[in-house]
1. Please work out which residue is surrounded by the most Cβ atoms within 10 Å (Cβ to Cβ), limiting yourself to the stretch A:166-179 and to residues that are among the charged types (D, E, K, R) and touching a residue at least 40 places away in the same chain (Cβ under 8 Å).
2. Across the stretch B:65-82, what is the total count of residues that are touching a helix residue (DSSP H, G or I) at 6+ places or on another chain (Cβ under 7 Å) and over 16 Å from B:Glu126 (Cβ atoms)?
3. Give the residues of the stretch B:142-193 that are aliphatic (A, V, I, L, M), touching a residue at least 40 places away in the same chain (Cβ under 8 Å) and not in a helix (DSSP H, G or I), sorted by residue number.
4. Quick one: count up the residues across the stretch B:72-101 that are within 17 Å of the chain's Cα centre (by Cα) and either within 14 Å of chain A (Cβ to nearest Cβ) or of a type in the set (Lys, Arg) (or both).
5. Could you tell me whether the stretch A:252-275 includes any residue that is in contact (Cβ under 8 Å) with a residue 60 or more places away in the chain and of a type in the set (A, V, I, L, M, F, W, C)?
6. Quick check on this structure: which one of A:Glu180, A:Glu166 is more than 28 Å from A:Ala254 (Cβ to Cβ), away from chain B (no Cβ under 14 Å) and charged (D, E, K, R)?
7. Has the stretch B:56-64 got any residue that is within 11 Å of chain A (Cβ to nearest Cβ) and without any contact (Cβ under 8 Å) to a residue 12 or more places away in the chain?
8. With (1) within 13 Å of chain B (Cβ to nearest Cβ); (2) over 17 Å from the mean Cα position of the chain (by Cα); (3) surrounded by 23 or more Cβ atoms within 10 Å (Cβ to Cβ) as the list, and A:Phe112 as the residue in question, which single condition is left unmet?
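The values are calculated or read from the model by the stated rules, or taken from the named source; none is laboratory data. Predicted model only: the values in this text are computed from it and were never measured. Reconstructed Cβ throughout: ideal geometry from the backbone, glycine too, with neighbour counts over all protein chains shown.
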Amino acid sequence: MIPEDAAALVSRAASTSFAEYLGRDHPGLLPSNRSTGTLAPVHGTAAGLAPHATTIVSMTFSGGVLMAGDRRATMGNIIASRHIEKVFPGDLFSVLGIAGSAGIGLDLTRLFQVELEHYEKIEGTRMSLDGKANRLASMVRQNLPMALQGLAVVPLLAGFDTERREGRLFSFDVTGGRYEEQEHHSVGSGSVFARGALKKLWKPNLDEARAIQVAVESLYDAADDDSATGGPDVVRQLWPVIYTVNSAGARRVAERELEAAALGIIERRSVAGREA
Amino acid sequence: MTQQFYVSPEQLMKDRADFARKGIGRGRSVVVMACRDGIALVAENPSPSLHKLGEIYDRIAFAAVGKYNEFESLRQAGVRYADVRGYSYAREDVTARGLASVYAQSLGAVFTAESKPFEVELVVAEVGETPAGDHLYRLTFDGSIADETGMVVIGGAADSVVGALRGRWTKDLAFPEAIRAAVVSLQNDGAAGQPAHPLTSAVLEVAVLDREPGTTRGSRRAFRRISATEVDAMLAEGGRA
């Protein structure tokens, strides 16, 4: 005799999402369920309570995409961290960067990484890039109550689409909206200035080495005008974190490449001697 | 009212064990062996997509024989267990010992409580930084768990495969040699008295757990499937030597 709910197993198997499994069997482990009750914001918003991650830039280049993040986290007017990393590999063919409330963003990143690996292990194939973007959008949406209290997280997803053989970019809003971006995009407090720089520096079909220089320079411009974005720190030898993704997979750009790019910009600008 | 006949617990357990053994005996064997480069897993499996070998976590793999639907559900449950454990604690807190013990509990519970036992036999393998850190656990349908060293064979004709493998296996083998030894031994996987049947890459499923995935591939995930062309190359190399 077939048990009554044998057919129900089929519909339950439609989702192999790790996040949905957690929600069903271990709801306390989901980032969106971690808070106990509603937060009572002091003076209207909880934004000043925890470190805030700042600027992320991302762009396509010939044969792939790149994502770069500065190394600063702030709490109000205080620099909370000079070493924070805000760009992470999602899986072999995707990277994500986070801007906004740092703790929630790091939790979200960890959940997203496990989500992709879990799918890959259960299904035996990788999730499509559109699938990854949709899963990330739904995770951002679940954080909406916290976002309304001032603890918003806005990720940026970049990946190599193995079907279309090209790099693609996705941005998100706190309500779970998912938008595909063309050419380049940036998020975070310094994004306006980074975007301005990218408009002049980005060209179609950049090669990878040139794209890395463009990314470092746009972050330099963002740090120049936004106090919450950190520039290259020569004293502490801190450079932005950059990942590139192409058909061979995601790669973290080596420190010495970043150092060369950052020192090159500092030297060119010192020589130019411009004030503004 | 119908009267139930008395069946002694011994008889009940024996009937269930015989039933499970009969189901497992129909399947082809799987070899899991530790060697110098890591752990090699070799199975005879004509399907390229319905796997008998699977990845559980960074350094942990799964091998099974028996009914596909039953061991596949156990594999998926194992992946969930490992991912939840790694997500809520830390990645290094996921161990083969922990996983093998929950598998043993679940197989044991099904064996005694459900209307039919699982017709499966499993191996949970974890590769260590050094050969001394390797762990191989063999789990049978009734929830018994055995901690094996070096190599383990599961499946219907496991004894004849072990016999063939014993002379070929040493702990210092590299992957190509280990895989060749496993394939040659699996050819003895027939009913007693039957001649060895040749195996080609088309009917083989091969995977490895790399000992140092970080340095060789830049990944923390040790599990890697070996493609049919790679298997062909390994087998051809042995033919020449």
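1. Start the filter on the stretch A:166-179 by keeping residues that are among the charged types (D, E, K, R), which leaves A:166, A:168, A:173, A:178.
The next check asks that each one be touching a residue at least 40 places away in the same chain (Cβ under 8 Å); those that pass are A:166, A:168, A:178.
On the way: A:Glu166: 16, A:Arg168: 20, A:Arg178: 17.
Here the residue is A:Arg168.
2. Of the residues in the stretch B:65-82, 6 are touching a helix residue (DSSP H, G or I) at 6+ places or on another chain (Cβ under 7 Å) and over 16 Å from B:Glu126 (Cβ atoms).
3. B:Ile145, B:Met151, B:Val152, B:Val153, B:Ile154, B:Ala157, B:Leu173, B:Ala174
4. Step one: of the stretch B:72-101, the residues within 17 Å of the chain's Cα centre (by Cα) are B:72-79, B:95-101.
When the remaining residues are screened for being either within 14 Å of chain A (Cβ to nearest Cβ) or of a type in the set (Lys, Arg) (or both), the result is B:72-79, B:97, B:99.
Of the residues in the stretch B:72-101, 10 are within 17 Å of the chain's Cα centre (by Cα) and either within 14 Å of chain A (Cβ to nearest Cβ) or of a type in the set (Lys, Arg) (or both).
5. Taking the stretch A:252-275 as the starting set, the residues that turn out to be in contact (Cβ under 8 Å) with a residue 60 or more places away in the chain are A:252.
From what is left, the residues that are of a type in the set (A, V, I, L, M, F, W, C) are none.
No, every residue in the stretch A:252-275 fails to be in contact (Cβ under 8 Å) with a residue 60 or more places away in the chain and of a type in the set (A, V, I, L, M, F, W, C).
6. A:Glu180
7. There is no residue in the stretch B:56-64 that is within 11 Å of chain A (Cβ to nearest Cβ) and without any contact (Cβ under 8 Å) to a residue 12 or more places away in the chain.
8. Every listed condition holds for A:Phe112 apart from (2).
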